[in-house]
Amino acid sequence: MYLKRLEMANFRNYIRQVIEPGPYFNILVGQNAQGKTNLLESIYLACTGKSFRTSKEREAIHWDSEFSTIHSLLETETHQLEIKLFLQPGKKKILVNGIAANRYPLGWPGVVLFTPDDLLLVKGSPQERRRFLDYELGFFQPQYGHYLSRYYRVLSQRNNLLREIRDKRLKSHALQVWNEQLGRYGAKILYFRLELLKKFSPHLRELHLQLTAGREKFEIKYHSSFKATNIDSEEELFKQYLKALTTVQEEEIARAQTLIGPHRDDLSFFLNGADARIYGSQGQQRTVVLTLKISQITQWKNETSEYPILLLDDVLLELDRDRRQALLSYVTGTVQTFMTSTSSENLKIGANVERKLYNIVNGKIIKNLKE
Ligand SMILES: Nc1ncnc2c1ncn2[C@@H]1O[C@H](COP(=O)(O)OP(=O)(O)O)[C@@H](O)[C@H]1O
Ligand SMILES: [Mg+2]
């Protein structure tokens, strides 16, 4: 899959701009606040129908305009896709090959995005890591999404019940049936997550070795809030979860909160045996996030038989020359990549890979070099 042409009008600080990117490596160069990330945002919008920066259309529409349009042409191995997006304050319209579409079909067209905000995957709260696991690694598992929403519904009902019991409006045996339900869905989710990690770990390890020129052994550990031990069977997890719920019941009632389960679990990333969140340098943490993000390229390829488009925003900061080189050589030549940078130096890629360089100044591409 690649983006052949994109035309936008009144989007962010662009009044009107056409871009016909190269199929491999596209570099968006410019000073701060010129429109590099805005351009990535428009590509992301074209590919997913959503922005990664805002859910409010108004913010993405040029200040002096009442609407904006993004018109894109994507090409796959077998067909062409024309996507027209119209944004108005509080309103969005999408036409795919001339037909109104509310949603994009699952997994298509594919886009993998890295932004500096993704560093929260390592440094931020457990919620960020669970979100990654559930919605990025688990993206192609619709059944999983279904269990997740069931689990969270039961969880919120159970929390209401705990409040009732704490306030003496109900007796604690009312919990039984909710424990059973929470246990069922919770065990499914836990099992699913552990299987996901089992499936992705070898690939993540291999990829991380490549991105660090063989220097770092990468491992992910899952922390179950009820300290699950026998993790090879869903039924076993269910039993352990139920048992653990009885041991924390008093505290749960006192605090009117469900204290254990997949909603309280976390992940840690280890580099050569040391926890990257605690001991990792900026560059190491950034590489961990890149490994997690870039692993999705293979996932998209396997699931849809198309490569996704890769968007890398300010990715090079804090990466030394070897890591930059490893990253660039990994992505160039197969995946259509858009990378922002404040400088075009130190961006050597394979001699036979076509690259295009765009200079962005104040919402305009002023120079378009083909090298
Ligand atoms: N809705 C909008 N209308 C006009 N300009 C906008 C709008 N939203 C953001 N901008 C401008 O875009 C600039 C940021 O562009 P951005 O692409 O994030 O910069 P960078 O090149 O550093 O990635 C801001 O300084 C702001 O002036
Ligand atoms: Mg930016």
- P(r) for the range 1-99: what percent of alpha-carbon pairs falls in each 5 Å bin, starting at zero? 3, 13, 25, 26, 18, 10, 4, 1
- Query: Under a Cβ-Cβ cut-off of 10 Å, what is the net charge of the residues other than Gly363 that fall near it, where Lys and Arg count +1 and Asp and Glu count -1?
  - Reply: +3
- Task: Translational diffusion coefficient, Stokes-Einstein: compute it for the chain using the Kirkwood radius over C-alpha pairs as Rh, at 10 °C and 1.306 mPa s, and state it as an integer in µm² s⁻¹.
- Result: 70 µm²/s
- Note on the structure: The correct pair for the range 88-171, radius of gyration to one decimal and Dmax as a whole number, both in Å and from Cα atoms, is 19.1, 59
- Kindly identify the range 1-49 as rounded, prolate or oblate by the Cα gyration tensor criterion: order the square roots of the eigenvalues as a ≥ b ≥ c, call it rounded if a/c is under 1.5, otherwise compare a/b with b/c, prolate if a/b is larger, else oblate. oblate
- Item | Pairs from Lys50/Lys221; Lys188/Lys293; Lys36/Lys56; Lys123/Lys199; Lys168/Lys227 whose Cα-Cα separation, in the structure shown, is over 27 Å | Lys50/Lys221; Lys168/Lys227
- Task: Within the range 279-371, list the trypsin sites (Lys or Arg not before Pro) lying in a DSSP loop whose Cβ has at most 16 other Cβ atoms in a 10 Å radius.
- Result: Lys348
- Given 157-167, 328-338, 93-103, the highest-first ranking by average Cβ count within 10 Å works out to 328-338, 157-167, 93-103
- Query: Using a Gaussian network for the chain with springs between C-alpha atoms less than 10 Å apart, which of these wobbles most: Asp313, Asp64, Asp265?
  - Reply: Asp64
- Task: May I ask for the net charge around Arg150, where only other residues with Cβ less than 10 Å from the Cβ of Arg150 are counted and Lys, Arg are +1 while Asp, Glu are -1?
- Result: +3
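Find out how many positive minus negative residues lie around Leu207, taking Lys and Arg as positive, Asp and Glu as negative, among other residues whose Cβ is under 15 Å from that of Leu207.
Local net charge: +4.
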- Would you mind giving the average projected area, over all directions, of the Cα convex hull of the range 198-341 in nm² with one decimal? 11.4 nm²
- Query: Once you sort the root eigenvalues of the Cα gyration tensor of the range 123-278 as a ≥ b ≥ c, which label holds: rounded (a/c under 1.5), prolate (a/b larger than b/c) or oblate (the other case)?
  - Reply: prolate
- With only helices counted (DSSP H, runs n ≥ 4, each -39500 (n - 2.57)), the per-residue ellipticity at 222 nm for the chain, to the nearest 500, works out to -13000 deg cm²/dmol
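For Ala274 and Leu209 in the same chain, what is the full-extension length gain: residue separation times 0.36 nm, less their Cα-Cα distance, in nm?
21.9 nm
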- Multiply the residue separation of Ser329 and Thr76 by 0.36 nm, subtract the distance between their alpha-carbon atoms, and state the gained length in nm to one decimal. 88.8 nm
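FYI, it's all coordinate maths here, none of it is from the lab. Quick caveat, the model's predicted, so the values are computed rather than measured. Heads up, the Cβs are rebuilt from the backbone with ideal geometry, glycines too, and the neighbour counts pull from every protein chain shown.
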